[in-house]
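Encoded as structure tokens, the structure appears first; notes follow it.
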Amino acid sequence: ILSLSLQAKMSRPMQARRLEGIDKNIWVEFVKLATTYSKVNLGQGFPDFPPPDFLKESFVRALSGENHMLHQYTRAFGHPPLVKILAQFFGKLLGQDLDPMTNVMVTVGAYQALFCCFQAFVDEDDEVIIIEPFFDCYEPMVKMAGGTPVFVPLRPKAPKDGRLMSSADWQLDPAELASKFSKRTKAIVLNSPNNPLGKVFSRGELELIADLCVKHDVLCISDEVYEWLVYDGKEHIRIASLQGMWDRTVTIGSAGKTFSATGWKVGWIVGPNRLLQHLRTVHQNSVYHCATVAQEAVAQGFQRELKLYGKPESYFIQLPKELQQKRDWLVQSLDAVGMKPIVPEGTYFLVADISEFKSDVPDVPNSEEPYDSRFAKWMVKNKGLAAIPLSAFYCGAHKNNYNHFIRFCFAKEEATLKAANDILQKWKQEKTSP
Amino acid sequence: MFFALRSFCHLGIRTYQLQTDLLSRSIKHSASATMAFRHKNTRRIEGLDSNVWVEFTKVAADPSIVNLGQGLPDISPPSYVKEELAKATAVDRLNQYTRGFGHPSLVKALSQVYERVCGRKIDPLTDILVTVGAYGSLFSAIQALIEEGDEVIIIEPFYDCYEPMVKMAGAKPVFIPLRCKNDGNSTCSADWALDPAELANKFNSKTKAIILNTPHNPTGKVFSREELQVIADLCIKHDTLCISDEVYEWMVYKGHKHIKIATLPGMWERTITIGSAGKTYSVTGWKLGWSIGPQNLIKHLQVVHQNTLYVCPTPLQEALAQAFCVDYKRMDDPGCYFYSLSRELESKRDRMARLLQEVGLNPVIPDGGYFMIVDVSTLNVDLSDVDEKEPYDYKFVKWMITSKKLSAIPLSAFCGPETKRQFEKYIRFCFIKKDSTLDAAEVILKNWNKQ
């Protein structure tokens, strides 16, 4: 019996090499901390307000209808009503005639869309340019595909005249960016509006990237999940609509961010068939179908928005209006206590400089952990306020480059933001009183 | 450009060359501005683009066709399952992200159900991963544990995704067919079995895993304890993993019992057991599945999951958790959906078998699952004039769809290259269909010989 049980154990290394170096994940740790300690959670990016009523109603209508076949498989590459409306909607926005069957694919959230892109186009030894700070999954996904991530940072310029720093002040150095393109560069990942900074890339900045893509024959993976969350009258420009870019860009969107329903995990990719065909191959060999009912509801949501496009009742106009106000509240709260906010042009994230609060969390020389990560952990445990360290959005080698910033999510009810303000005010008072 | 031309115009021949260079560079730039991204797809997906379902679901999409092809129920899921989903979407926080590796109430419910079935403790947080359908579990398991240099044993006929998934992971599929005893005169799925010596020969030092599917799609075979022991012994001897696809675990008919290979001695440590909400609750469109196994294997699947789609939809997981709670409480009760569905399906199975027999066919009666295969060569339908270089069963099904308005799936879609000849006389029918669908099939089959 003893030898059988010895034999029973798997004796050789089990996991595939593609998992090397990608097992750590900041969210697993920080979500657990927030669940355990936070009274006010401005950490992980999801709204604490519900999706709009019209969307919940769509879901209920789909479920209560006669057609119980909505509980069965739908078309693998996207539920027909959804791909049709996405083709219509994004065709308009991109100035392209889109075929719902070949130019659109539905995925399990934008996350799975990204995965399909890397698996379809990144081979071993391919380089992929990632702009820092970046949504953290890009790096491990490139690695899992056997590729080499090449990082290029957004660099902060000091704001003029004592005004608050804006995400627009964080910019790419054109020469530095150009130097990152090599013979081996397969793709560049663009995220605009950018998580975590909230930067909305300008036309000039996008043209810079586009020119390099065309010159070096590089694919652009454009993560545009926050496309509707743009403030101060700024315009979200889709890089796929720039000259020379349609044929080399895949544009990713998210129902979770568009309709404040992150838990439904419905995303999509729009692009030329020549690229989408390979994404379909990955998709049919990994998850194959996405859940039907959620796709039906999202389709109805888009149909409503198509009718109301540009009108004040459009959710795509109301949501950013509401969020801009919340952004401004949080900016005020942080500024009032001495945390220096970088005012975001878009997304529902805001990064703040916590240098003035450093005295609460002493530096530990030679610590492996970046300062901002220790700070964020201390803050959630001691102040009950959850946020994410900016170093989470940098590659290993660069985690200490900007280690005194933390990211807040402001897609929260007024009560939540007020509670955050109370914590911050109290904290400041404790610092200034004897 | 003008400046350049002026300053060089006294250089004669060289001017022409420079002009041409400048001109050609400007043409190149504007041409490359409109030129498509020239790179092709990655090596890992080379040759994996075709798919039997994409082909046949298109063909059978015509509503006038009686569709017994793709495996999806046209019966309604139980009403409490649908109600739980409606209830879940009304709760605000259930419309936002949940725990990445599985919604807490769902993994807890799964651990309860499977602890009871397996007779061992299952930790909901470390021993379970919730995935996008069983399909997603297969993908996560293969990506986590299989790579270039590995061999993976696949039993034919097989659910078609196993082969491309193994290839996408860079590994080599090694096929072994189920062979029919009784000289090919099979009446039931138990007649189909692996040759133990042949199976043993397929194992070597490179064998990383074997994929087991019981109850089996498409034959409906329910592997016996003895058959599982043969496989288990080889897994232990060769230190091999077992990926056990048990999506039809509840659909087992009288006289047969579903046995989990992970419960055999020495197997828990090396087995990933996969299940499906779609098959358990007749909700294939929910796309929720799960992998259950030891922490030291599941943790690698979790790494794949966190780097592929991160988290599954929340309201669906909550609804599924509630449904499992309902049925967990009545697992000793014949009214439990796991057993009542099986009884319902058994009578549909028997009806389907009778209909096929009346046409003069000899279907392989399945001991489990909701598929039935049948050798159609005995009908002697002459398809030699059909030009397509396709196997006979592909041609037969396409002919049957157009001329009889009845669809099925060709069995050679489920075979490796060497066995396609062996299985090309078989087609697969799905019988998890409402009475009116089976009535329509009955009309077609009864009138078969009249056209």
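Read-outs throughout are calculated quantities, based only on the coordinates presented, and are distinct from any laboratory measurement. All values reported here derive from a predicted model rather than from experimental measurement. Ideal geometry is used to build each Cβ from the backbone, glycine not excepted, and the neighbour counts take in all protein chains shown.
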Problem - Top of A:V60, A:V189, A:V83 by mean-square fluctuation, Gaussian network on chain A, Cα under 10 Å - result: A:V60
Problem - Distance (nanometres) between label positions extended 7 Å along Cα→Cβ at B:E55 and B:N449 - result: 3.1 nm
Exercise for the section: Restricting to the range A:53-308, compute how many DSSP beta bridges are antiparallel as a %, nearest 5. Expected result: 35 percent
Practice task
Just need the relative contact order of chain A here, percent rounded to a whole number, with Cα pairs under 8 Å and 6+ apart.
Solution key: 23 percent
Exercise for the section: Hey, can you grab everything whose amide H is under 5 Å from the amide H of A:T185? Only 5+ residues off in sequence or another chain; H modelled, so Pro and N-termini drop out. Expected result: A:E127
Handout entry: About the Cα centre, charge dipole magnitude for the range A:53-308 (Lys/Arg +1, Asp/Glu -1 at Cβ), debye
Key = 320 debye
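Output the relative contact order of chain B, whole-number percent, from Cα pairs under 8 angstrom with separation of 6+ residues.
In percent, rounded to a whole number, it is 22.
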Handout entry: Positive dipole terminus of the range A:53-308, leading residue within A:T74, A:S58, A:I130 (C-beta point charges)
Key = A:S58
Practice task
For the range B:256-342, run through the trypsin sites (Lys or Arg not before Pro) and keep only the ones in DSSP coil with at most 10 other Cβ atoms within 10 Å of their Cβ.
Solution key: B:K257
Completion exercise
Listed with the fewest Cβ neighbours within 10 Å leading, B:F203, A:F59 appear as B:F203, A:F59
Completion exercise
By Cβ neighbour count within 10 Å, fewest first, B:D367, A:D232, A:D125, B:D183 rank B:D183, A:D125, A:D232, B:D367
Practice task
Using only alpha carbon positions, build the gyration tensor of the protein assembly as shown, then give the equivalent ellipsoid semi-axes as the square roots of 5 times its eigenvalues, largest first, whole angstrom.
Solution key: 49, 33, 27
Practice task
Quickly estimate the mean residue ellipticity at 222 nm for chain A, helices only: each DSSP H run with n ≥ 4 gives -39500 (n - 2.57), and the total goes over all residues, rounded to 500.
Solution key: -12500 deg cm²/dmol
Practice task
Report, to the nearest 10°, how far helix B:392-404 tilts away from the longest principal axis of the Cα atoms in chain B, using its own Cα long axis and a range of 0 to 90°.
Solution key: 80 degrees
Fill in the blank from the handout: For the protein assembly as shown, whose charge dipole is built from +1 on Lys and Arg Cβ atoms and -1 on Asp and Glu Cβ atoms, the candidate among B:L341, B:V283, A:L219 with its Cα farthest towards the positive end is A:L219
Exercise for the section: Write down the Å³ per residue value for the convex hull defined by the alpha carbon atoms of the range B:101-218. Expected result: 142 Å³
Problem - the range A:162-216: trypsin sites (Lys or Arg not before Pro) in DSSP coil with no more than 14 other Cβ atoms inside 10 Å - result: A:R163, A:K183, A:R184
Exercise for the section: Return a whole-number percent for the relative contact order of the range A:53-308, with Cα pairs under 8 Å and 6 or more residues apart as the contact set. Expected result: 29 percent
Practice task
Check every DSSP H run in chain A and write down those whose alpha carbon atoms cover 18 angstrom or more along the long axis and whose mean Kyte-Doolittle hydropathy is -1.0 or greater.
Solution key: A:80-94, A:109-121, A:203-216, A:292-307, A:315-337
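Please list the three semi-axes, largest first and in whole Å, of the ellipsoid equivalent to chain B, using sqrt of 5 times the eigenvalues of its alpha carbon gyration tensor.
Here the semi-axes work out to 44, 31, 25 Å.
Can you tell me the dipole magnitude for the protein assembly as shown around its Cα centre, using point charges on the Cβ only (Lys, Arg +1; Asp, Glu -1), in Debye to the nearest 20?
Details: 104 positive and 101 negative charges, 142 e Å.
About 680 debye.
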Exercise for the section: Pull up all non-local amide H partners of B:C188: gap of 5 or more, or a different chain, and H-to-H distance under 5 Å with H placed in the peptide plane. Expected result: B:I365
Fill in the blank from the handout: In whole Å, largest first, the alpha carbons of the range B:79-329 cover along the principal axes 59, 41, 31
Problem - 0 to 90° range, to nearest 10: angle between helix B:435-446 axis and chain B longest Cα axis - result: 90 degrees
Exercise for the section: Output the pairs from A:K157/A:K215; B:K405/B:K446; A:K307/A:K418; B:K398/B:K425 with a Cα-Cα distance over 24 Å in this structure; if there are none, say none. Expected result: A:K157/A:K215; A:K307/A:K418
Exercise for the section: Measure nothing fancy, just the Cα-based angle from helix B:337-358's long axis to the longest principal axis of chain B, in degrees from 0 to 90, nearest 10. Expected result: 90 degrees
Problem - Rg followed by Dmax, in Å, when chain A is reduced to its Cα trace - result: 22.5, 79
Exercise for the section: Out of all DSSP beta bridges with both ends in chain A, state the antiparallel percent to the nearest 5. Expected result: 50 percent
